[in-house]
Amino acid sequence: MFEEASEVFDNMFKGSFPLTFIVFIPAVLILVSPLPIEAAHEFTVYRMQQYDLQGQAYGTRNAMLNTEARTIEADVLSRRCVLMRLAEFSFDKFQEAIRQSAGAVVIILPQNMSMMPQDVIQQFMEIEPELLATETIVPVYFALEDDELLSIHEQTHSASVSQGTSSAAEVLLHTATANGFQMVTSGAQSKAISDWSITSLEGKLTGLGGEDLPTIVIVAHYDSFGVAPWLSYGADSNGSGVAALLELARLFSKLYTYKRTHAGYNIMFFCIGRWKIQLPGYKTLARGQSGSYRFKPSPG
């Protein structure tokens, strides 16, 4: 806020007043501001994915922020926390915030995604892979909306829009009297997890008719992969695939109990984590089981 006031004064009075006057005025405005200080509002945020794969960095590399809130309509986004609702979010707007060296980006999601228009959801689904392929030092967070957060966004939006259409003097007055919102995160800077492990489940039904039988491999990943991991519930990627795998395992285990329905091929079931990393390894494992195999990943 005060950086903007200083910039406005600098443009209005450059060459006419001493530097000490320009620095002194905002301090006075702080002291005489008649507005009461509002209580803080605390809300949970979910940080954008951060990971390294084959030496390439992906996602947001920072977690800490302590900066003033703005919306994308503001003229100055540098070192500001940019608030955007999902309905107004686009990859171009996100890139503009990054280009202007925003202090952070917070994307506000509805409590009930099913209430959003389908075209908005589809647009974000198309943007998500681009976000996942982006590396940025700007902290990027997702938050579920509530009444207080929507009120903060509305007030910040009004202030951001008015600054773009006001004169220098009006911007200065607004800067001195507006309700500013300072966005601060708790917790520590993110650190890489070096001792993580992946648990996988596997089962096999042996076919009838000898050792060297063809093998069918059915694989589903039980974890989800999204731009914000804690918000990736994974019904379609890949909860539905896991459900299908378990049901197939149940049905075929009954069929393999009876000789007349005991097929002449092996069936292997894998329920794995870290799908994108582990899949090549499971293909190799399947090849080692038999000279002939058919590999079938579940959808998602």
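Of all residues in region 100-145, those satisfying the criterion of being open to solvent by less than 50 Å² (accessible area, probe 1.4 Å), over 15 Å from the mean Cα position of the chain (by Cα) and under 12 Å from CYS81 (Cα atoms) are GLN100, ALA102, GLY103. Among all residues of region 221-242, there is at least one that is crowded, with 16+ Cβ neighbours inside 10 Å, at negative phi, among the β-branched types (Val, Ile, Thr) and touching a helix residue (DSSP H, G or I) at 6+ places or on another chain (Cβ under 7 Å). If you check ALA97 against the conditions, is it in contact with a Gly (Cβ under 9 Å, 6 or more places away or on another chain) and either within 21 Å of GLN182 (Cα to Cα) or open to solvent by 10 Å² or more (accessible area, probe 1.4 Å) (or both)? In short, no.
Identify the residue in region 177-207 that is open to solvent by less than 80 Å² (accessible area, probe 1.4 Å) and closer than 30 Å to HIS262 by Cα and, among all such residues, is farthest from the chain's Cα centre (by Cα). Filtering region 177-207 for residues that are open to solvent by less than 80 Å² (accessible area, probe 1.4 Å) and closer than 30 Å to HIS262 by Cα, the one farthest from the chain's Cα centre (by Cα) comes out as GLY207.
Of the residues making up region 43-67, those that are farther than 26 Å from GLN111 by Cβ and touching a strand residue (DSSP E or B) at 6+ places or on another chain (Cβ under 6 Å) are TYR51, ALA57, TYR58, ASN66. Within region 256-278, being modelled with pLDDT of 90 or more and surrounded by fewer than 14 Cβ atoms within 10 Å (Cβ to Cβ) holds for THR257, TYR258, LYS259, ARG260, THR261, GLY264.
Checking each residue in region 49-83 for being open to solvent by 20 Å² or more (accessible area, probe 1.4 Å) and within 14 Å of the chain's Cα centre (by Cα) picks out GLN49, GLN50, TYR51, TYR58, ARG61, ASN62.
Selection of region 39-78 for residues being part of a strand (DSSP E or B) and among the aliphatic types (A, V, I, L, M) yields VAL45, LEU53, ALA57, ALA69.
Scanning region 185-203 for residues that are among the polar types (S, T, N, Q) and at positive phi yields nothing. Name the residue that is modelled with the highest pLDDT, counting only residues in region 208-220 that are open to solvent by 30 Å² or more (accessible area, probe 1.4 Å) and of a type in the set (Gly, Ala, Ser). Applying the filter and picking the extreme gives GLY209. Looking only at region 46-88, residues that are under 21 Å from VAL120 (Cα atoms) and of a type in the set (A, V, I, L, M) come to 7 in all.
Matching residues to (1) under 17 Å from ALA74 (Cα atoms); (2) free of Cβ contacts under 8 Å to residues at least 40 places away in the same chain:
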{"residue": "LEU86", "(1), (2)": "no, yes"}
{"residue": "ASP92", "(1), (2)": "yes, yes"}
{"residue": "GLU96", "(1), (2)": "yes, yes"}
{"residue": "SER114", "(1), (2)": "no, yes"}
{"residue": "MET125", "(1), (2)": "no, yes"}
{"residue": "ALA143", "(1), (2)": "no, no"}
{"residue": "ASP146", "(1), (2)": "no, no"}
{"residue": "GLN155", "(1), (2)": "yes, yes"}
{"residue": "SER162", "(1), (2)": "yes, yes"}
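The values are calculated or read from the model by the stated rules, or taken from the named source; none is laboratory data. Remember, it's a predicted structure, so these values are computed and weren't measured experimentally. A quick note on method: Cβ atoms are made from the backbone with ideal geometry, for glycine too, and the neighbour counts reach across all protein chains shown. The area values use the complete protein model at the heavy-atom level, side chains included, leaving out ligands, DNA and RNA. Shrake-Rupley method; radii C 1.70, N 1.55, O 1.52, S 1.80 Å.
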